[in-house]
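Heads up: the structure comes next, in structure tokens.
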Amino acid sequence: MRELPIAARAYVTAVVLLGGYFVVHGALSLAPEDWKVVLPLAVLLALAWHLASPMQGDRAISISVGMPVALASVLLLGPLGAPIVNACVGLNATRLRWYMRLFNAGMGAVSAWLAASVYVGLGGQLLASNADFNVPRVLVLSFVAALTFEVANGLLLVVVISLTERVSPLRVWYGTLAQSALPMFIYSIFGLLLAVVWSYVGVLSAILVLAPLMVARWVFAEFALRQEAYEATMRSLIKSVETKDLYTRGHSQRVSRASVLIGRQAGMREDRVTTLRYAGMLHDVGKLGVPTAVLQKAGRLTDDEYEAIQQHTVRGREIVKDLEFLGEAIEGILLHHERIDGRGYPMGKVGSEIPEFARIIAVADAFDSMTTTRSYRGARSIEDAFEELRRCKGSQFDPVMVEALIEAIDAEGWDASDTLPTEALSPTENLPTMASDDDDPTAADHLSLPSAAPDDASELDGDPVDEHLTTER
Ligand SMILES: [Fe+2]
């Protein structure tokens, strides 16, 4: 405990002592028959928190059976018994330090006492001793008790985190706890259900009410583990590409984010959006199959080198084709350099022949390419990039996807983080200076695409954009 700042130490001690007082006072005052409810609930709670399911990144896949048990103890036992049950969260077999376990126990007891006092103070009936209750009244009061429990627990936790890590309590609240409020509140409905069923059938209610929750928790935990395995696979692939090609550092994540924005704006189903996110992340994975010397070459590329870079689409498909969970992302990776007018590569597909994923990634890819710093030019503004995308819609890009990206960014804004630090982006220092890249529709590298009809003089002369596009690789 010595590693804690002095204020945090004093605070932890105060919460532990207060919680301890409620536990001892309750233990001395409880009627003997109440222990028949306290003990099984205490065991259930200690087990329930131990079984808290894993969280996965920003996707809060977590189902806990702890909260329903905590609330049920409040409704069944009131301010004498609930603190004893809730102090048992400190018993669970986590790897927390001893004083944090004591703090958790104190926090549980104090929150439960407050929630139970509010419940009883507003006229709530204790369900353990009274199966004949007014249902609407108990329903409303149990919500109030759940809210009190949540707020008390949240505040006690926010203060200890902010004292320990010396950050603003508000930041802690918004950063972590505010997001868990809704799911926790839903668990409270199960808490009421558990308390009501308990008042009729006793401990058997734990099986009736908590078993479905346990099954759901197991399913979600399995799902979270599988997702984590997918993400880990992708992270290692992306890392390999980024090691080889410095320009893709952060690019994959941003293209993925922009693709998701387009997909959602275009009304795509959420399961497809997940696959699209993968496709965006892996769209340039085929660069693993392109010689590093070509990827990092300074200056103009020869025809052969240019062809080698174009091969990254086909190589990308080869690398990921056995990853079944990628589904339609695989075609998206293969065809993300196709153009609506049929002048793209590797297959020269036209319009709707190009899969939706590929049309989306093409727009996201070009947008990120234009709005980040490249060796041969600085980053362009978002407005400039929009203008360029609009000029190229119908020829290079799917107009629907271009407008979807613009509308989504207008509504939600664009976070261009994951870019390289500014000092690493100096056009002449630190980074290899390629003549251009294969994503930027404005990058002229004086090379012609084999399928791009470079001899179409009228187009080249008449439309400067088309000139850019003809030379885009
Ligand atoms: Fe690419």
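The values are calculated or read from the model by the stated rules, or taken from the named source; none is laboratory data. Keep in mind that what you see is a predicted model, and the values were worked out from it rather than measured. All Cβ positions, glycine included, derive from the backbone under ideal geometry; neighbour counts span all protein chains shown. The protein model used for the area step is the full one, side chains on, heavy atoms only, and it has no ligands, DNA or RNA in it. Shrake-Rupley method; radii C 1.70, N 1.55, O 1.52, S 1.80 Å.
Would you mind counting up the charge near T275? Only other residues with Cβ under 12 Å from its Cβ, with Lys and Arg at +1 and Asp and Glu at -1. Net charge in that neighbourhood comes out at -3.
Computed over protein heavy atoms with a 1.4 angstrom probe, the accessible surface ordering of D303, D34, largest first, is D303, D34. Residue separation of K244 and E33 scaled by 0.36 nm, minus their Cα-Cα distance, works out to 69.0 nm of gained length. Once the chain from A416 to S236 is taken as fully extended at 0.36 nm per residue, the excess over their C-alpha distance is 62.6 nm. Take M100: with every protein chain present and a 1.4 Å probe, its accessible area is about 50 Å². Taking all protein chains together and rolling a 1.4 Å probe, R97 ends up with roughly 140 Å² accessible.
Residues whose amide H lies under 5 Å from that of G342, counting only those 5 or more places away or on a different chain, are G351; hydrogens are built 1.01 Å from N in the peptide plane. Its Cα gyration tensor gives the range 186-329 an equivalent ellipsoid. The semi-axes, each the square root of 5 times an eigenvalue, are 49, 15, 12 Å from largest down.
A straight Cα-to-Cα reach below 23 Å connects K36 with none of the lysines, residues fewer than 8 places away in its own chain not being considered. The magnitude of the dipole of the range 292-422, with charges of +1 and -1 set on the Cβ of Lys/Arg and Asp/Glu and taken from the Cα centre, is near 540 debye. Among the protein heavy atoms, those of F190 account for about 70 Å² of accessible surface (1.4 Å probe, every chain in place). Take the range 215-260 with all the other protein chains still there, run a 1.4 Å probe, and you get 47 Å² of accessible area per residue. Split the accessible area of the range 204-358 by element, probe 1.4 Å, and carbon with sulfur accounts for 56%. Among the lysines, which fall within straight-line cross-link reach of K321, defined as a Cα-Cα distance under 18 Å, with same-chain neighbours fewer than 8 residues apart omitted? Filter leaves K287.
Residue-wise HN-Hα couplings along the range 256-261, as the Karplus relation 6.51 cos²θ - 1.76 cosθ + 1.60 with θ = phi - 60° gives them from phi, are 4, 5, 5, 4, 4, 4 Hz; Gly and Pro carry x. Pairwise alpha-carbon distances in the range 307-406 exceed 23 Å for 29% of all pairs. Solvent-accessible surface of protein heavy atoms, probed at 1.4 angstrom with all chains present, puts T233, T371 in the order T233, T371, largest first. Over all other residues within a Cβ to Cβ distance under 12 Å of F103, the charged ones net out to +3, with Lys and Arg as +1 and Asp and Glu as -1. Sorted largest first by accessible area at a 1.4 angstrom probe radius, with every protein chain in place, the residues D284, D341 fall in the order D341, D284.
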